[in-house]
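The values are calculated or read from the model by the stated rules, or taken from the named source; none is laboratory data. What you are looking at is a predicted structure, and each value in this text was computed from that prediction instead of being measured. Here the Cβ positions follow ideal geometry from the backbone for every residue, glycine too, while neighbour counts run over all protein chains shown. The accessibility values were calculated without ligands, DNA or RNA, using every heavy atom of the protein model including side chains. Shrake-Rupley method; radii C 1.70, N 1.55, O 1.52, S 1.80 Å.
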Amino acid sequence: MWTSAILALAAARGTYAWGALGHETVAYIAQDFVKPTTKTWAQNILDDTTTSYLANVATWADAYRYTAAGAFSAPYHFIDAEDTPPSSCSVNYARDCGTKGCSVSAIANYTSRVQDASLPDTEVTTALKFIVHFVGDITQPLHDEALEVGGNDIDVTFDGTSTNLHHIWDTNMPEELRGGYSLTDARAWATNLTSEIKAGAYKSEAASWISGLNINDAVTTSMTWATDANAYICSVVLPKGQSAVESGDLYPTYYNSAIPTIELQIAKAGYRLAKWLDAIAAGEWSKKRTVELGEKRGYYHREVRSEDLLEGVSSLVTPSKLRRAAVGWGCGHQH
Ligand SMILES: *[C@@H]1O[C@H](CO)[C@@H](O)[C@H](O)[C@H]1NC(C)=O
Ligand SMILES: *[C@@H]1O[C@H](CO)[C@@H](O)[C@H](O)[C@H]1NC(C)=O
Ligand SMILES: [Zn+2]
């Protein structure tokens, strides 16, 4: 009964985490940049040959986390950096990931699993869907911050609506910019950002977004992405501290200060996702899977050492981790 109440609440809220618009835009940008062989590989795994094959699964993980079967994955949507914004921003894997896992360990785990020939097809499909989602989540600054449960408990007013800081970054501000949240809106935003990456405002910096990208060291690579996003907590999200966003309407002044970072982070996530998937699909087993989907066992097995991923992660129960656990890893909160 409690579970169904939570599910009903989750459904009523509709979107969580870079809302649908953000995640689907990230997915479409990735579709614009992946190699043709990567597209075939992903379409096979997802059993979807439409022009929205990544966008169609981009928000699956946010619905799954609110199911009984998927509750274990709720902590994978963020890493609770216990830094001290705005004076000091930082992410530390051992300090911040938590023993139940985080976005960084999840990206590493599912990058390994999507390449694991010993897993059933359904698990490989699940792994790809998680990757498409978490590479998006990790670029949203408030998914890399512990303060007030990633800003979920910072009450704000946006354009006359009472909401919270996390929610306006995930949803209100992107939707204000683009005027909607349908797949069509996401496609249009992606087309714009793809052009900016190829020939516009982001052309000169796009290479730096994927610097050091290494699928065989997914923890280090995704820590780079988490650290990059977390830095915006100090410079853009809360430059004057928490109290500065708790009074007054954050539209339009705060919105105008935040929008360039939102567009930049969505663009980064899409471009990184494309390069990440290209690297995975270029691997031996992934190539094999593309041509002989049914005959995979025994060909190539990238060993999954799930336990090793969280080795050295602090098991200290901090006040932030207690608060996160108390809200059921996000139930009743949008994240
Ligand atoms: C992208 O959209 C912005 C408005 O948000 C516009 O100024 C810019 O010219 C567009 N870029 C491209 C390449 O279409
Ligand atoms: C890796 O993913 C599997 C399947 O979702 C999960 O059972 C396992 O706990 C995960 N391991 C880590 C370290 O996240
Ligand atoms: Zn999420």
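What residue among PRO174, PRO252, PRO86 shows peak mean-square fluctuation when the chain is described by a Gaussian network model with Cα springs under 10 Å? Result: PRO252 has the largest fluctuation of those listed.
Taking the C-alpha atoms only, the angle from helix 103-113 to the longest principal axis of the chain is near 10 degrees. Rolling a 1.4 Å probe across the protein heavy atoms gives the stretch 93-210 an accessible surface of 32 Å² per residue.
Normalised by 2.2 N^0.38 Å, where N is the number of residues, the C-alpha radius of gyration of the chain stands at 0.95. Specify which residue in the list VAL91, THR125, LEU309 is farthest towards the positive end of the charge dipole of the chain, using unit charges on the beta carbon of Lys, Arg (+1) and Asp, Glu (-1), about the Cα centre. Most positive-ward Cα: THR125. Here the accessible area is traced with a 1.4 Å probe on the protein chains. For the chain, carbon and sulfur cover 53 percent of it.
Taking only Cα atoms, what is the 0 to 90° angle, nearest 10, from helix 20-33's long axis to the longest principal axis of the chain? Long axis of 20-33 versus the principal axis of the chain: about 40 degrees.
Can you compute the charge dipole magnitude of the chain about its Cα centre, using +1 on each Lys and Arg Cβ and -1 on each Asp and Glu Cβ, nothing else charged? Give it in debye, rounded to the nearest 20. The calculated dipole for the chain is roughly 720 debye. In this structure, the amide hydrogen of PHE78, modeled 1.01 Å from its nitrogen in the peptide plane, lies closer than 5 angstrom to those of SER103, counting only residues at least 5 positions away or on a different chain.
Between the helical axis of 253-281 and the longest alpha-carbon principal axis of the chain there is an angle of about 10 degrees.
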